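**Q** For reference, the structure I am asking about is given below.
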Amino acid sequence: MKHPKISIGAALLCLCAIPEGETHAGVTVLNPSENTVIQENAPDDNFGSNQFLNADSKFGGRRALIEFNLSSISGPITSAVLTLDPTPFSITGYTFNIYSLTTAWTQGSQNGVTATAGASWNSAEAENSLLWTTPGGDFSLASDVTYSPSSNTFSVDITSIVNGWLTGNPNDGLIITGSTGGNAAAFPDTNNSPSSTWPALTITTAAPEPGTFSLLGFAALAVVFTRRPRKRA
């Protein structure tokens, strides 16, 4: 009986036919595309060029706004961790809440003066007179992630929020509030240096299921090694 002849080269060609551009397991670290702080007792001021994000109860209350561009991410993801650098302030014992924003906003470029553009406590975008529905930012209470650090680190799993963005929820970024007993909580933003202190979102992606071409390649190799003709005596 004649056996099919398939060269190893042909089988390897099948393996090499795995489509390019498929997401493989890996880690992507993103810095913000937008970040600023809004302050309750300066409700019309923009702080887009400030060097720190605040999430605390000073000055009536300050809230950090952060947005990440997720265009380079194609799910599924297994984790998404938000990290901020609290140095030189201590945040031990404070409580922070991270929510998904529900209104688009912009950073602006001012520092503590009446906003002509960008976000403030009252406005999501002053230039277009776009007000928050509720002063202090519009956000989803259902998205709440609560974090109470036991040491001076800020590293929070927000996988549930990021998965929501990747599966259809609008990505309008994050808002962070803080209960700090009147004390300051400040984190360097992208106006600060070095860049190693900037907010970061570390996303781990899962490996996809083997593609059709990949499976065909393995099948072809199996034929090569299991159906080789026997030598005659």
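**Q** Taking R0 as 25 Å, what's the FRET efficiency between Thr167 and Ser109 from their Cβ-Cβ distance, rounded to 0.05?
**A** Rounded to the nearest 0.05, the efficiency is 0.15.
**Q** Report the net charge of residues surrounding Phe68, where surrounding means a beta-carbon distance below 12 angstrom and charges are Lys +1, Arg +1, Asp -1, Glu -1.
**A** My count for the surroundings of Phe68 gives -3.
**Q** Calculate, in nm to one decimal, what Asn183 and Ser33 gain on full extension: separation in residues at 0.36 nm each, minus their alpha carbon distance.
**A** Here the segment from Asn183 to Ser33 would lengthen by 51.2 nm.
**Q** Using a 7 Å offset from the Cα along the Cα-to-Cβ direction at both Thr78 and Ser150, what is the distance between the two label points in nm, to one decimal?
**A** Those two pseudo-labels are separated by 2.5 nm.
**Q** Mind running the shape call on segment 75-187? Use the C-alpha gyration tensor, a ≥ b ≥ c as the square roots of the eigenvalues: rounded below 1.5 for a/c, prolate if a/b tops b/c, oblate otherwise.
**A** Since a/c reaches 1.5 but b/c is at least a/b, the shape of segment 75-187 is classed as oblate.
**Q** Let me know the charge dipole size of segment 27-209 about its Cα centre in debye, to the nearest 20, where only the beta-carbon of Lys, Arg (+1) and Asp, Glu (-1) is charged.
**A** Numbers: 3 positive and 15 negative charges, 65 e Å.
Taking the Cα centre of segment 27-209 as origin, the dipole is about 320 debye.
Just so you know, all these numbers are worked out from the coordinates, no wet-lab data involved. All values derive from a computational prediction rather than experimental measurement. Cβ coordinates were reconstructed from backbone atoms using ideal geometry, including for glycine residues, and neighbour counts include every protein chain displayed.
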